[in-house]
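Before I ask anything, here is the structure I am working with.
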Amino acid sequence: MALRMMKSQSAKSPERLSFSRAAAVSAASMLVTWVMTALSFLVTPYDAEVFRHVIGPTVVIATVVPVSVSFPVALILQRGRLKLERALKELEEVHAELRTRSRVDALTGLLNREAFLCAVETSRSDAPDGAMLMLDVDHFKSINDTFGHQCGDEALKLIAQALSDTVGQKGHVGRLGGEEFGIYLTSSDEATVFRAAEDVRLAISRIRFHPREDLQRRITASIGIALDEDGRSLSDLMRGADTNLYQAKQAGRDKVILRRAA
């Protein structure tokens, strides 16, 4: 998506050769030549007869030579400058694309693990109150084993879209690896966080996943929550969410568990 936007911006670039600018350069060059020629006549006076013979060819030369040389040279220099500007712009776009790809999970379009954790750290430094959700897709291995990894990838894309749509601007969403996802919400109110996690769980359960045209397979996920409180480190926060995720699995899956650490 980012790549398509950048290509679109490049296609709209108005930069092109300016013949009027080249003509202006030619006119300026011709004017300078005339002035220099006039000064040469003043510095080295000619008698009237010689002056009448040389003035005509001199004016022609002072007009034709600057125009015939400066106009194409101005166009060549413009072309070189435009090529350089386009090359620099393309290089900048490539760097931007590489920066984006280094942060985004290629399959789902979500933040990758490193970018997600970085975003969480930034949020925690700005506002310490929040909550970590660890989400694992239930029985995902059976999807890969039964229908193939391509179907498994399609399922992950649908899940990622559901997560993005449900969480929106309320927090950060990332793929931590495999079928495991992380969500950091910028709220530590227990009721609000639990309700948001339930919204995520229900959104996933409503996904219409068809591994075959004649078959619809229900997708569910288990979610563990840890509230960001009491100055917990990020690793401790994730460990707490992971422990509650394990409890959700043990409780029968397709559940949300929020239990405070003892």
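The values are calculated or read from the model by the stated rules, or taken from the named source; none is laboratory data. Only a predicted model underlies this, so the values are computations on that prediction, with no experimental measurement involved. All Cβ positions, even for glycine, are placed from backbone atoms using ideal geometry, and neighbour counts span all protein chains on display. Only protein heavy atoms, including side chains, enter the accessible area calculation; ligands, DNA and RNA are left aside. Shrake-Rupley method; radii C 1.70, N 1.55, O 1.52, S 1.80 Å.
If you count only protein heavy atoms and use a 1.4 Å probe, how large is the accessible surface of Val25, to the nearest 10 Å²?
Only protein atoms counted, so the area is about 70 Å².
How much accessible surface area, in Å² rounded to 10, belongs to the heavy atoms of Met36 with a 1.4 Å probe?
110 Å²
Okay, moving on. Average the reciprocal distances over every distinct pair of alpha-carbons in the range 66-175, invert the result, and give the Kirkwood radius in Å. Intermediate results must be reported in sequence, preceding the final value.
Details: mean 1/r = 0.0550 Å⁻¹.
It is 18.2 Å.
May I pose another question? Loop only per DSSP, at most 11 neighbouring Cβ atoms within 10 Å: give me the trypsin sites (Lys or Arg not before Pro) in the range 179-223, ordered by residue number.
Values: sites: Arg195, Arg201, Arg206, Arg208, Arg212, Arg217, Arg218; in loops: Arg206, Arg208, Arg218.
For trypsin sites (Lys or Arg not before Pro) across the range 179-223 that sit outside H, G, I, E and B with at most 11 neighbouring Cβ atoms in 10 Å, the list reads Arg206, Arg208.
Ordering Thr37, Thr146 from largest to smallest accessible area (1.4 angstrom probe), what's the sequence? The partial results should precede the final answer.
Numbers: Thr37 30, Thr146 90 Å².
Result, largest first: Thr146, Thr37.
Oh, and also: Quick one: how many Å² of Cys118 are accessible to a 1.4 Å probe, rounded to 10?
Probe radius 1.4 Å; accessible area of Cys118 about 70 Å².
Okay, which of the range 203-227 sit inside 17 Å, backbone N to the point 7 Å along the Cα-Cβ direction of Ala127?
227
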